[in-house]
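Visitor: Shown below is the structure under consideration.
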């Protein structure tokens, strides 16, 4: 691939390639949003067919993330960006890894739905909590699509706020499971523990991506745990 | 920093910098090995002081990973590597992220020990299983140090084999917790579920690093889920 195209400068080609990276990240985030919508619906409604779809489609997210990584590494090799441009491309690699993990969390939620079918995964007393966690995860995933598309840092703040709500619900699951009124069997306890952890990690990865986009917009260094 | 030093060529400087990247990865892996040794001992012996040490020291792993990332991005900017050299530096960024997550898993294991102190985290019937998982995680972490130091792909294979054993023990925890003889309270079930997941994820991250080192040694492309 030539470093110039017709009358375009190398800089213009680079900007075009960055736009392509961004578009692909938005596409992957879209796949993740669809996956978590389906996974949480499958989980809450014991819809095994929908769960199977989520599980079968996870490879699409993995493949899209891998293609994005190949593109980013190609850009590094051909364009040899420095300074902020370099950090954008490196951030894209990290964002792609986080999106791929969000897809995995979504798949794990769907797997719980499938394992327990035709039973529901969690007992009645916890269903409203998981319904809320699921709605928040879906909301966070949709906001992430918008954030990656617009780079509006206000959306990054919104995602952090929603993540705080997910964390509070995650803690409330343990309060309930460890409380005096819990009547669940061991299997209910295991499922609630894992499901809560997957929902919480899904949101954590979104916050990690939001921090990276904020960093790119503001120029602050990415913290190691971001 | 100049691109040449005395009579050294840019290539020699680059090779020297790659060695520094490798040495730093080995150092971080050493910190992770120490962390999981202490965390699993704290977990199995209910040693709250040791658990506190692991929790207090996790920031050292985070800081070392962040410094490595800064070095790697600096190398990308100054040396503008291509082809295999570029992939080594990008892989270093990914390996650093996985090591940082291994430190987090170790910290989570230590946190469980601290929360339950002076009680042990798991009931008697599961202690041999967690003792074995802990030993395997420590063994895997030590092998990872050797793998990063020597790039001997046989060690990567050994790590995969040990991970298979961790996975089998992880499944056996669920068999026990969901079996007819399980007498644990809900809190025991929650702790066993989380502890087993953390031990299993610790080993998974090591396998992911091992795959990257294998890829660098063999030239195969890194799979998206590696």
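The values are calculated or read from the model by the stated rules, or taken from the named source; none is laboratory data. Nothing here was measured: the structure is a model prediction, and the numbers come from that model. As a convention, Cβ positions derive from the backbone with ideal geometry for all residues, glycine included, and neighbour counts pool all protein chains shown.
Visitor: Can you tell me which residue is nearest to the other protein chains (Cβ to nearest Cβ) among those in the range A:32-65 that are buried (at least 24 other Cβ atoms within 10 Å of the Cβ) and closer than 15 Å to residue A:205 by Cβ?
Guide: Top of the filtered list is A:65.
Visitor: Residue B:158 - would you say it is surrounded by 13 or more Cβ atoms within 10 Å (Cβ to Cβ), in a helix (DSSP H, G or I) and without any contact (Cβ under 8 Å) to a residue 24 or more places away in the chain?
Guide: Working: surrounded by 13 or more Cβ atoms within 10 Å (Cβ to Cβ): yes; in a helix (DSSP H, G or I): yes; without any contact (Cβ under 8 Å) to a residue 24 or more places away in the chain: yes.
Yes.
Visitor: Among the listed residues B:116, B:201, identify the single one that is within 14 Å of chain A (Cβ to nearest Cβ), under 16 Å from the mean Cα position of the chain (by Cα) and under 24 Å from residue A:174 (Cβ atoms).
Guide: B:201
Listed here are the residues, each with its yes/no results for (1) surrounded by 20 or more Cβ atoms within 10 Å (Cβ to Cβ); (2) at pLDDT below 95; (3) not in a helix (DSSP H, G or I).
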| site | (1), (2), (3) |
| --- | --- |
| A:176 | no, no, no |
| A:198 | yes, no, no |
| A:206 | yes, no, no |
| A:220 | no, yes, yes |
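Visitor: If you don't mind, there's one more thing I want to ask. Going through the range B:144-155 one residue at a time, which ones are touching a residue at least 24 places away in the same chain (Cβ under 8 Å) and part of a helix (DSSP H, G or I)?
Guide: B:144, B:145, B:147, B:148, B:149, B:153, B:155
Visitor: If only one of B:181, B:129 is more than 26 Å from residue A:97 (Cα to Cα) and within 12 Å of chain A (Cβ to nearest Cβ), which one is it?
Guide: Exactly one residue qualifies, and that residue is B:181.
Visitor: Kindly provide the set of residues from the range A:74-88 that are under 16 Å from residue A:25 (Cα atoms), more than 9 Å from chain B (Cβ to nearest Cβ) and crowded, with 19+ Cβ neighbours inside 10 Å, ordered by number.
Guide: Listed by number, the list holds a single entry, A:75.
Visitor: I'm told residue A:69 meets every condition in (1) touching a residue at least 40 places away in the same chain (Cβ under 8 Å); (2) crowded, with 20+ Cβ neighbours inside 10 Å except one. Can you identify the failing condition by its number?
Guide: (1)
Visitor: Right, next: Tell me which residues, restricted to the range B:128-142, are in contact (Cβ under 8 Å) with a residue 24 or more places away in the chain and touching a helix residue (DSSP H, G or I) at 6+ places or on another chain (Cβ under 7 Å).
Guide: Across the range B:128-142, the qualifying residues are B:129, B:130, B:131, B:132, B:133, B:134, B:136, B:137, B:138, B:140, B:141, B:142.
Visitor: So, one more: Given the criterion away from every other protein chain (no Cβ under 14 Å) and over 21 Å from the mean Cα position of the chain (by Cα), identify the matching residue among A:124, A:165.
Guide: Of A:124, A:165, the one residue that is away from every other protein chain (no Cβ under 14 Å) and over 21 Å from the mean Cα position of the chain (by Cα) is A:124.
Visitor: Using the structure shown, decide if residue B:120 is closer than 22 Å to residue B:193 by Cα and in a helix (DSSP H, G or I).
Guide: no
Visitor: Does the range B:185-192 contain at least one residue that is outside any helix (DSSP H, G or I) and either under 23 Å from residue B:113 (Cβ atoms) or within 14 Å of chain A (Cβ to nearest Cβ) (or both)?
Guide: Yes, the range B:185-192 contains a residue that is outside any helix (DSSP H, G or I) and either under 23 Å from residue B:113 (Cβ atoms) or within 14 Å of chain A (Cβ to nearest Cβ) (or both).
Visitor: Any residue that is away from chain B (no Cβ under 11 Å), within 19 Å of residue A:215 (Cα to Cα) and assigned to a helix (DSSP H, G or I) - is there at least one of those in the range A:66-73?
Guide: No: the range A:66-73 contains no residue that is away from chain B (no Cβ under 11 Å), within 19 Å of residue A:215 (Cα to Cα) and assigned to a helix (DSSP H, G or I).
Visitor: Could you grab me the full set of residues in the range B:94-104 that are within 17 Å of residue B:19 (Cβ to Cβ) and either facing chain A (nearest Cβ under 9 Å) or surrounded by fewer than 23 Cβ atoms within 10 Å (Cβ to Cβ) (or both)?
Guide: Hit for the range B:94-104 is B:96, nothing else.
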